[in-house]
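Heads up, the thing below is written out as structure tokens.
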Amino acid sequence: MGSMLKKEMRLSALLLTYLFIGFAFMTLLPGYPILCGAFFITLGIFQSFQSAREANDVTFSALLPVAKRDVVKGKYQFAAFIELCGFALMAVLTALRMTSLADSPVYRSNTLMNANPFFLGMALVIFGLFNAIFVGGFFRTAYKLGGNFIAYTVAAFIAIGAAEAMHHFPGLGALNAFGLDHLGLQIGLLLGGAAIYAALTILSYNKACRDFDRIDL
Amino acid sequence: MNIVELKDVCKSYPAFSLKNVSFSLESGRITGFIGRNGAGKTTTIKSMLNLIHTDSGEISYFGMPLAGNETEIKQRIGYSTGTVSWYPRKTIREIISVTKSFYRSWDEDAYRRYMELFALDEGKKPIELSEGMKVKFNLLLALSHRAEVLILDEPTSGLDPFSRDELLELFKTLRGHGATILFSTHITSDLERCADDIVYISSGQIRAACSREDFMRRFGRPDETLEELFLRLEREA
């Protein structure tokens, strides 16, 4: 584990952030917009950013014998670590809903989004939006959090709303595949979500490094 | 030998500018960086740590420019401020255990020695420390990785007279071991106690950078103390 990630996990992070990974269990809720679980996981990361700001964390990091780029890298690594822990838990629970719990009446009569690979892909899109809008936006000033989080929240709920609505449109029913139906399409959509996550994270990381290098602490 | 050099460093803010700041620090000497509040001491120190971007000028340590060698240079320097509290709700033990992993020259013996000297308790959190103990904790971080250059921003602020005395004695001991120290202050008696050299800044400009004796000779009047001299210079400025 890199020193900066270790520093993020042991000094900058709140216990709450780790506990909020548990919102991945919302994947099991029937009749609920389960993508909100991804949003709540990022809400936990936001809390750590807020607490780290009050602890003068960014200046402390910048004084360590590391390049300024490494300060940005540490924050991105921490966000990605929490997101991927949440994603892994969501993936296990989704696999459960798609297989052994597939015949459960509460899931059969579910009117909202089913837990399937498309759902997982959309969770990754939401994590990518968090990294691009909130984490990336934070490094424009290294202290402003609120505006970036509001912008991310708006984007995340538009994505959640769109994901919930799309399968109601003619021809898009396969997005809400149940169990192992339309598996090829579903895996493709998951990979698409992963590609969007990677692109949003990498592009915003590079921009955040440039922005952070320009600002005065 | 000059171990730190600033050459024509400029930085402009809407309401304040550092103008062609130039001075150097000699190896094994204590330099007092003096100026009234808002004169540019902290801005200069932040430039020396690459926390702010200078508009122009050059800063070098150990003959290496800061730009491009920041990581290596930060391994060999220590910084402490009397006013900032890092991670107020983490224990000293937690903060140290993470911080030391960044320094290849971390000296566990020195760390233990300073913990004892400063009477710090590893189980305490910065929020539980008095202002003076916070200063000591920040100093502990700077001193435990065998820094060759110590940059200390108002390290004596908030300290009681006994702690200040201990600290100034410590500076002299560190100087005896070859450390180079720059400390900013507006407490002139600190300078009289231990500074070899004085860098005097006023309205963002360096007015003098020389030995303490030269400073008194150039600007002082007969029987004038450093404090009286400093006050007079500020009133005349």
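Since every read-out is calculated from the coordinates, none of them should be taken as a lab result. Remember, it's a predicted structure, so these values are computed and weren't measured experimentally. In this analysis, Cβ positions are derived from the backbone assuming ideal geometry, glycine residues included, and neighbour counts consider all displayed protein chains.
Tabulated data for the structure shown
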quantity: Most fluctuating residue given options B:149, B:21, B:98, as computed from a GNM of chain B linking Cα atoms under 10 Å; calculated: B:98
quantity: Under 20 Å from the residue B:37 label point (7 Å along Cα→beta-carbon), backbone N, the range B:168-185; calculated: B:184-185
quantity: Most fluctuating residue given options A:169, A:25, A:127, as computed from a GNM of chain A linking Cα atoms under 10 Å; calculated: A:169
quantity: Gaussian network model of chain B, Cα within-10 Å springs - most flexible of B:27, B:189, B:60; calculated: B:189
quantity: Cβ-placed point charges (K, R +1; D, E -1), dipole of the range A:3-214 about Cα centre in debye, nearest 20; calculated: 680 debye
quantity: Charge dipole (the range B:2-236, unit charges on Cβ, about Cα centre) - positive-most of B:186, B:210, B:168; calculated: B:186
quantity: Rh by Kirkwood over Cα pairs, then Stokes-Einstein D for the range B:67-117 at 0.890 mPa s and 25 °C, µm²/s; calculated: 191 µm²/s
quantity: Length gained when the stretch residue A:69-residue A:169 is fully extended (0.36 nm per residue, less Cα-Cα span); calculated: 31.6 nm
quantity: FRET E, pair residue A:213, residue A:10, Förster distance 25 Å, beta-carbon r, rounded to 0.05; calculated: 0.45
quantity: Size of charge dipole - the protein assembly as shown - debye, nearest 20, with Cβ of Lys, Arg +1 and Asp, Glu -1, no other charges; calculated: 760 debye
quantity: Simple spin-label estimate for residue A:180 and residue A:84 in nanometres, 7 Å along Cα-Cβ; calculated: 2.8 nm
quantity: For chain B: Kirkwood Rh in Å [reciprocal of mean 1/r, alpha carbons]; calculated: 18.3 Å
quantity: Measure of compaction for the protein assembly as shown (Cα Rg per 2.2 N^0.38 Å); calculated: 1.23
quantity: Value of [θ]222 nm, deg cm²/dmol, for chain A, DSSP H segments ≥ 4, -39500 (n - 2.57) each, nearest 500; calculated: -20500 deg cm²/dmol
quantity: Over chain B, relative contact order from alpha-carbon pairs under 8 Å, at least 6 apart, %; calculated: 28 percent
quantity: ³J(HN,Hα), Karplus 6.51/-1.76/1.60, whole Hz, each residue of the range A:35-44, x for Gly, Pro; calculated: 5, 4, x, 5, 4, 5, 4, 6, 4, x
quantity: Cβ-based charge dipole, the protein assembly as shown, positive-most Cα from A:128, B:177, B:195; calculated: A:128
quantity: Förster radius 45 Å - calculated FRET efficiency between residue B:104 and residue B:231 (Cβ-Cβ, nearest 0.05); calculated: 0.50
quantity: Modelled label reach - residue B:122, point 7 Å along Cα→Cβ, the range A:1-21 residues with backbone N closer than 12 Å; calculated: none
quantity: Computed lengthening from residue B:223 to residue B:29, 0.36 nm per intervening residue step minus Cα-Cα distance; calculated: 67.3 nm
quantity: Positive-end residue of A:184, A:44, A:101, charge dipole of chain A with Cβ unit charges; calculated: A:44
quantity: Length released on extending from residue A:143 to residue A:187, taking residue separation times 0.36 nm less the Cα-Cα span; calculated: 11.9 nm
quantity: Assigned charges on the beta-carbon of Lys, Arg, Asp, Glu; the range B:1-139 dipole about Cα centre (debye); calculated: 340 debye
quantity: Percent antiparallel among DSSP beta bridges (both partners in the protein assembly as shown, rounded to 5); calculated: 50 percent
